[in-house]
Amino acid sequence: MSASRFNLPRRVVFSLIAAVVILVLLVWIYALILPDPAAVAPTHPASTAEASAEPEIRSIMFMSNRDGDWDIYVMTLADQSVTNLTNNDTADGMGSFSADAGAISFLSSRNGQLEAFNMNADGSDQFQVANDLRTIMSILTSGRLNWDFHRSTTGQTAFVSLRDLNLEIYGQNGDTETNLTRNGAIDWFPAWSADGTRLAFGSDRTGDQEVYVMDADGTNLTQLSGDNPAYDVLPVWVDDGRVLFMSEREVAFAGGEIGLYLVNPDDPQPVRVTDDDVLTIAPELDGATAIYMSNVDGDWEIYRRDGATVINLTDNDTDDLFPTWKPSS
C-alpha cells in the first residue's frame, strides 16, 4: 500500500492548523479575562475584636513614692512601662499637662516649700515658675496658654488658661468657652464631680492656697478647706460625693509625707483621711476608658476600667496618686 494514500489534502491540513491556533487564542483570551479565583473566593469579615482593635498609644501621668520620695511618673498604657520624670531626692507631685502635651507644670518642695515648676514632657528643662522674664517668654514663645484639661461625664471640659497672663478656670461646652473664676487670683486644679454638675478647684484668692467648689457655670462658690493658713490644693471627688484634697496643715510635703483630707461640700468640715477610710475617686475619662485611684487594696493604687474590665495599673506596696490623661497630640 502506498504511503501517499495516507496524505491529507493540503486544505484540510491548513484548516486543522487554523482551528488549533484559534483554540489556543481563545484559551489565552479566556485566561486573561477570567477573574482570579482568589479574588472571587468568599471572604470572611474580621471578627469584632479584630475590627475594633487599635494599637494603644495613650499615656497617663501620676505621682508616686515608689522610689522613697514623691516623684512624677508617666505610664505608657500599651505595656504599662513607667518613667520617672522628676527623679530627684525631693518631693515633686501634682502634675498637669499643657494642651499640646509638650510640657508639664507641677509642684515641688526642692526649695524647702511647695512652689510651681515647669518641665518638658520628657522631664528635661525643669525650672521654677515665677513672675520673671524666663517664665513670661516661655509662655509667649511656646504658645502654651491652656493646661490641665478634664472632661466631665456630661461632655463638658474644664481647663486652666493663662490667656490673660493669669491662671483662670474655663469651661468649654461645644465651641463655647467661658471664664468661670474671673478674678486676679491663681485658680487651678479643676475637678469635676461624678455627675458633672460641680467643679472643685484650688485658689489663693484669700491670700493662701485653699480649696473651693462651684457649680458648673461658675456660680454658688463655697470654700471647702476652712480658714487655715496651710497649703491646701489639688481637690478630687470621691465616688460618694465628698471631696478629697492635699494639705500641709499637719505634715509638710517636703518631709516626704502627704496629708489627705476629706470634706463634705454641703457641710465643709475637713477631716484627715485615716487607714480606716476606704475610698475610690471619681474617674478621669478618655472615651470609654476610665482611670482612677483607690485604696481598696490597702494602699493607693491607680486602676483602669474599660466596661466591666478593671486592671490595677500600679499594683505595688507604695502609694500612687492623682492620675491624669496625657492629651492626644
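Round to a whole number: what % of the accessible area of the range 98-211 belongs to carbon and sulfur, probe 1.4 Å?
Looking at the range 98-211 in its full context, I get 47 percent from C and S.
Per residue, what accessible area does the range 207-329 have, given a 1.4 Å probe and all protein chains present, in Å²?
Numbers: 5530 Å² over 123 residues.
In whole numbers, the range 207-329 has 45 Å² accessible per residue.
How much net charge surrounds THR289 when only the other residues with a Cβ under 10 Å from the Cβ of THR289 are counted, with Lys and Arg +1 and Asp and Glu -1?
-1
Ranking request for peptides 104-114, 266-276, 250-260: highest mean number of other beta-carbon atoms within 10 Å first, then the rest in descending order.
Descending packing order for the listed peptides: 104-114, 250-260, 266-276.
On the protein heavy atoms, probe 1.4 angstrom, tell me the percent of accessible surface of the range 249-329 carried by carbon and sulfur.
42
Obtain the nm distance between the two label points defined at VAL296 and ALA101 by a simple spin-label model: each point lies 7 Å from its Cα along the Cα-to-C-beta direction.
2.8
Can you list the HN-Hα couplings for the range 128-142, worked out from phi with the Karplus curve (6.51, -1.76, 1.60; θ = phi - 60°), rounded to whole Hz and with x for Gly and Pro?
6, 7, 8, 7, 9, 4, 4, 5, 4, 5, 4, 5, 5, 6, 7
Please work out how much length the chain gains when fully extended from THR176 to ILE311, using 0.36 nm per residue of separation minus the C-alpha to C-alpha distance, in nm with one decimal.
So the extension gain works out to 45.0 nm.
Return, ordered by residue number, the residues of the range 80-121 whose backbone nitrogen is under 12 Å from a label point located 7 Å along Cα→Cβ of THR135.
Hits in the range 80-121 for THR135 at 12 Å: 106, 115-118.
The values are calculated or read from the model by the stated rules, or taken from the named source; none is laboratory data. Keep in mind that what you see is a predicted model, and the values were worked out from it rather than measured. Ideal geometry is used to build each Cβ from the backbone, glycine not excepted, and the neighbour counts take in all protein chains shown. Side chains included, ligands, DNA and RNA excluded: accessible areas come from the protein's heavy atoms. Shrake-Rupley method; radii C 1.70, N 1.55, O 1.52, S 1.80 Å.
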